[in-house]
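**Q** What follows is a structure written as structure tokens; I'll ask about it next.
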Amino acid sequence: MWQLLLPTALLLLVSAGMRTEDLPKAVVFLEPQWYRVLEKDSVTLKCQGAYSPEDNSTQWFHNESLISSQASSYFIDAATVDDSGEYRCQTNLSTLSDPVQLEVHIGWLLLQAPRWVFKEEDPIHLRCHSWKNTALHKVTYLQNGKGRKYFHHNSDFYIPKATLKDSGSYFCRGLFGSKNVSSETVNITITQGETCATLECPGTPVCGTCNHTGKLSWEEIPDSYTHFFICGSLLVITRRSPKVPDCRVWQCQPSHHSFHLGTKSLSAW
């Protein structure tokens, strides 16, 4: 299914002498940017890809199943748990996009962020999102169980430049009228960019993908490579066994949530 091209695209490729691998890859964007949402939230997924004059339709896939919509934007008016999962798109002059994950949660509050792994000096944007955007007051953002930021009326929490001390577990809480409600806890990790400064990616690049949590799609890497951390623009996967000091280094292109892979064996770790 993933290699399917629209009929018009096949004709154009043949007439132009192009190969499928010559086509650019489509990209899926979320609007708003949050990949974790609450039930009843509205979500728009936009497909960026190349179109021919004869055919401007878009193929959408949800958990590998074809969606009936053929518009360049796929709109979810009131999200349900069934809308959770991976979304991909493809146009007649673009190959299948990398997956974008959408998580639909049930609850009063949800702590949102563009991602959960940052490097030092990255800005961090946190949002305490309420169900149906219900008015929320006396809002507190907490780190490791201690109050970090208080707002009398609900506001987003910004950390201009992350430091290692910003790593930890976060949640938010506030009042709906007189009802005290809290979000689930999530973990934020801050890494040191210079840790990986000497690592390189030799060899022929291989394509891999990551989701918004910074995890590589498991089918893209050997089972033995299960531990990972991010340093700057590098995602490093290490073997489970500490007796085998090999690692794989992924060069990240954050704007597309994708990586180009190379390997490097280290004599020591």
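The values are calculated or read from the model by the stated rules, or taken from the named source; none is laboratory data. Nothing here was measured: the structure is a model prediction, and the numbers come from that model. Note that we place each Cβ from the backbone using ideal geometry, even for glycine, and neighbour counts take in every protein chain shown. Ligands, DNA and RNA are stripped out before the accessible areas are found, and what is left, the full protein with its side chains, is counted by its heavy atoms. Shrake-Rupley method; radii C 1.70, N 1.55, O 1.52, S 1.80 Å.
**Q** Of the residues that sit in the range 124-142 and are assigned to a strand (DSSP E or B) and of a type in the set (Lys, Arg), which one is surrounded by the fewest Cβ atoms within 10 Å (Cβ to Cβ)?
**A** Lys138
**Q** Can you tell me which residues in the range 90-123 are in a strand (DSSP E or B) and more than 15 Å from the chain's Cα centre (by Cα)?
**A** Correct list: Gln90, Thr91, Thr95, His105, Leu109, Leu110, Leu111, Lys119.
**Q** Ala162 versus (1) open to solvent by 40 Å² or more (accessible area, probe 1.4 Å); (2) at pLDDT 95 or above; (3) more than 19 Å from Leu38 (Cβ to Cβ); (4) touching a strand residue (DSSP E or B) at 6+ places or on another chain (Cβ under 7 Å): which is the lone unmet condition?
**A** (1)
**Q** Would you please name the residue that is nearest to Val104 (Cα to Cα), looking only at residues in the range 53-75 that are open to solvent by less than 70 Å² (accessible area, probe 1.4 Å) and in a loop (DSSP other than H, G, I, E, B)?
**A** Ser69
**Q** Please go through the range 76-89 and pick out each residue that is more than 11 Å from Tyr35 (Cα to Cα), outside any strand (DSSP E or B) and either of a type in the set (D, E, K, R) or out of contact with any Lys or Arg (no Cβ under 6 Å at 6 or more places or on another chain) (or both).
**A** Asp77, Ala79, Thr80, Val81, Asp82, Asp83 - these are the residues of the range 76-89 that are more than 11 Å from Tyr35 (Cα to Cα), outside any strand (DSSP E or B) and either of a type in the set (D, E, K, R) or out of contact with any Lys or Arg (no Cβ under 6 Å at 6 or more places or on another chain) (or both).
**Q** Kindly evaluate Ile188 against the criterion of being farther than 18 Å from Leu109 by Cα and touching a Phe, Trp or Tyr at 6+ places or on another chain (Cβ under 8 Å).
**A** When the stated conditions are applied, Ile188 does not pass them.
**Q** Considering the range 58-72 alone, what residues qualify as being under 21 Å from Leu23 (Cβ atoms) and under 18 Å from the mean Cα position of the chain (by Cα)?
**A** Trp60, Phe61, Glu64
**Q** Restricting the search to the range 1-51, which residues are crowded, with 16+ Cβ neighbours inside 10 Å and modelled with pLDDT under 90?
**A** Result: Leu5, Leu6, Thr8, Ala9, Leu12, Leu13, Leu23, Tyr51.
**Q** Related question: Which of the numbered conditions does Gly145 fail, given that it passes all the others? Conditions: (1) open to solvent by 80 Å² or more (accessible area, probe 1.4 Å); (2) out of contact with any strand residue (DSSP E or B) (no Cβ under 7 Å at 6 or more places or on another chain).
**A** Only one criterion is unmet by Gly145, namely (1).
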